[in-house]
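As structure tokens, the structure follows; a few thoughts come after it.
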Amino acid sequence: MSTTPPPQAPPTGTATGPDDRTDDGALGWLRALGPRGRRAFAGAFGGYALDSYDYFTLPLSMVALAAYFGLDSGQTGLFTTVTLVVSAVGGALAGVLADRIGRVQALLLTVITYAVFTVACGFAPNYETLLAFRALQGLGFGGEWAVGAVLVAEYASARHRGRTLGAVQSSWAVGWALAAIVYTLVFSLAGDDLAWRIMFWTGALPALLVVWVRRSVRDAPEAAAARERSAARGSFAAIFRPGTAGTPGLLRTTVFAGLLSTGVQGGYYTLATWVPTYLKTERGLSVVGTGGYLAFLISGAFIGYLTGGHLTDRLGRKRNIRLFALLSAICILAYANIPGGAGTLLLVLGFPLGFCMSAIFSGFGSYLSELYPTAVRGTGQGFTYNTGRAVGAVFPTTVGFLADGWGVGGALVFGAIGYGLAALALLGLPETRGRELA
């Protein structure tokens, strides 16, 4: 089985959307999707935003949870690790389902799963039950992005694919911002012992999205037809098949794509998990103050996703990831070593930190989709992205255990190691800008 088609010249049009040669300008990528593609975009955008919202109910409530159940830093860090490790299983299964039953059906299953178990977390009577519910939430959380990204990638043209998937990725910042706003309101109006439960109960919001997606969104027709013609669709064996003489396999691609994902997500989830705790415990910020600082981080993330999407189309997938791996590592080191009392500097630095650590993700949806053929695109993307989540989950747990001796700020430096790993992984992967997915 061939890894992917060779790089091609910029396309003159796509099979699933209109000719995009005249679709320039800020929203040219959106017009080029066509009506069906725009509905797919809306479904993937909404699903990932609510995925983000449900994920951040935990980090934002971490301090209250630790006090309620009497947990140390290692135990609270384990919440994130369990979520991300189980997400690898959920992501791999969702990828296989996307190749076998279709992108939209798999997307619906992931959204329902993460919503149900986020709400269940709010009813947990003890630490062990909460840990189990959070693990089950990871099954849906792990699969949503990979499935949604493949759905949209198969509608997007090669010319616009990076910025289109970057826009989908930006919905993570939208969900994060919504979670921060709800957190600020809930923890200001309710006592901590009840507020963390309310946060989880608001995770029922995705139920509304499920109804709309089921009625309005369909798989890209030609990609669905190509998938159905393949006897090997949804095969784990295919993505681990080594190459033979004259026939390149997918094993090398899968190994290096998994390492790339591990490095980037190890750095990212270290920051996403521990920055709220760092601001509150070591900087002494109130709930509202923490929300103000996070506003700079989240706004930087949103703009970073959109900017990174454009740059991945202009610079290429590998150059964009390499550039922002370096900048993200520099930001972590600066953020964790700001001298005490430099509150204004901490506030300002939140914007470039959010920008850099998010811009690096913008190329992932297009890059991983382009690395795999149609029959195993969901399987390959779901496995590599979520294996990266699982292995990268070691990073926030390590920070949790190191925090008792180093402080959270000092331990955050560990996240910079992940970005170095990502840069090295790129050496084993090809550039894919300009490839068609048919």
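The values are calculated or read from the model by the stated rules, or taken from the named source; none is laboratory data. What you see is a predicted model, and the numbers here were worked out from it, not measured in a lab. Note that we place each Cβ from the backbone using ideal geometry, even for glycine, and neighbour counts take in every protein chain shown.
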Discussion item. I'd like to check something: does the range 244-260 contain any residue that is over 18 Å from residue 92 (Cβ atoms), of a type in the set (Lys, Arg) and either modelled with pLDDT under 90 or crowded, with 21+ Cβ neighbours inside 10 Å (or both)?
Written reply: no
Discussion item. Which residue is nearest to the chain's Cα centre (by Cα), if the candidates are limited to the range 112-128 and must be part of a helix (DSSP H, G or I) and among the aromatic types (Phe, Trp, Tyr)?
Written reply: 114
Worksheet item: Checking residue 100 against (1) over 24 Å from residue 436 (Cα atoms); (2) surrounded by fewer than 24 Cβ atoms within 10 Å (Cβ to Cβ); (3) of a type outside the set (A, V, I, L, M), which single condition isn't satisfied?
Response: (1)
Worksheet item: Has the range 33-53 got at least one residue that is modelled with pLDDT under 85 and farther than 18 Å from residue 220 by Cβ?
Response: no
Fill in: Number of positions in the range 367-381 that are farther than 16 Å from residue 106 by Cβ and not in a helix (DSSP H, G or I)
1
Worksheet item: From the list 45, 41, 79, which one is part of a helix (DSSP H, G or I) and within 17 Å of residue 192 (Cβ to Cβ)?
Response: 79
Discussion item. Pull out all pairs, ordered by first then second residue, where Cβ-Cβ is under 9 Å, the residues are six or more apart or on different chains, the first lies in the range 247-263 and is farther than 11 Å from residue 368 by Cα and free of Cβ contacts under 8 Å to residues at least 60 places away in the same chain, and the second is outside any helix (DSSP H, G or I) and among the small types (Gly, Ala, Ser).
Written reply: 251/243
Practice prompt. Output the number of the condition that residue 326 fails; it satisfies all remaining conditions of (1) modelled with pLDDT of 85 or more; (2) outside any helix (DSSP H, G or I); (3) over 30 Å from residue 102 (Cβ atoms).
Written response: (2)
Discussion item. Can you tell me how many residues within the range 146-202 are under 19 Å from residue 365 (Cα atoms) and among the acidic types (Asp, Glu)?
Written reply: 1
